[in-house]
Amino acid sequence: MNKDKRSFSVIMPVCDQAVELEQNLPTFLTQEYEPGYEVIVVDENSTDNTEDVLKLLKQDYPHLYSTFLPKPHMQTLRRKNALNIGSKAAKNEWIIIAKINRAPSTNDLLKAINDIFDDYAAITLGYIEKKGVRLQPFATVDEAANRITKTERKLTKVVARDARVSYWWGRYDFIILPKKNLIDMLQYFEQKVSSFKLLFMRLGILNDSIWRRGSTTLLVTT
């Protein structure tokens, strides 16, 4: 695809994150990217004032859209269903799955990503680091399976992690992929992973990260 014509759909599932939306969403919405992009927020039935915040932001940003996760899906594979809904609303071929609490540090990040993006990658994982953003492309979705399974597994509690070592342990901040590959990726979401399997996955990811570092690209943004 001609990079001058590549448009992105940024999909962002949220739940009770009105404060983060108010603080960080404008950063996603003010990217200077000429081919154009849209931001789709999927509300997982928030109980705070998420809806009000989104209504207010839509007045200033016409490329912001929102949808919601139906209540029957709330307790079953919430994130997977939310991304499915978001992808159906997406107008563009390329999708970026982002997290509202990991906002871009500059307003030209989309342009920088597009300039060096590997069109032949089936999926690309992005890591927000101290010096910028690291992109890690994979030829197939299966090659990224361990990282996706570990990061998106079902958790009994949320633990804060050190972002400075996220790449080494495969803890990505966003995902870029063609819309056609989304279903293949979602099969690795919200799986139950035993402690024994998780240990071997972590060791495998660390070893693979060492060998793959040369194939990654660091976009210096700070």
Take the residues in the range 27-50 that are over 11 Å from Pro13 (Cβ atoms), without any contact (Cβ under 8 Å) to a residue 60 or more places away in the chain and not in a loop (DSSP other than H, G, I, E, B); name whichever of them is farthest from the chain's Cα centre (by Cα). Thr50
Within 23 Å of Asp119 (Cβ to Cβ), modelled with pLDDT of 90 or more, of a type in the set (Val, Ile, Thr) and surrounded by 15 or more Cβ atoms within 10 Å (Cβ to Cβ): is that true of Ile205 in this structure? no
Over the range 12-25, the set of residues free of Cβ contacts under 8 Å to residues at least 60 places away in the same chain and surrounded by 15 or more Cβ atoms within 10 Å (Cβ to Cβ) is Ala18, Glu22
Residue match in the range 134-142 (condition: assigned to a loop (DSSP other than H, G, I, E, B), more than 29 Å from Asn45 (Cβ to Cβ) and within 16 Å of the chain's Cα centre (by Cα)): no
So if I check each of Lys88, Lys80, Lys99, which one is over 14 Å from the mean Cα position of the chain (by Cα), at pLDDT 90 or above and of a type outside the set (Val, Ile, Thr)? Lys88
Pick out the one residue from Ile123, Ile100 that is touching a Pro at 6+ places or on another chain (Cβ under 8 Å) and closer than 25 Å to Glu190 by Cβ. Ile123
Restricting to the range 167-221, count the residues that are free of Cβ contacts under 8 Å to residues at least 60 places away in the same chain, farther than 14 Å from Gly126 by Cβ and not in a helix (DSSP H, G or I). 8
Residue list for the range 75-104, filter: under 22 Å from Thr151 (Cβ atoms) and exposed (fewer than 14 other Cβ atoms within 10 Å of the Cβ): Gln75, Thr76, Asn101
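The values are calculated or read from the model by the stated rules, or taken from the named source; none is laboratory data. Computed from a predicted structure; not experimentally measured. Here Cβ is always computed from backbone atoms with ideal geometry, including for glycine, and neighbour counts include all displayed protein chains.
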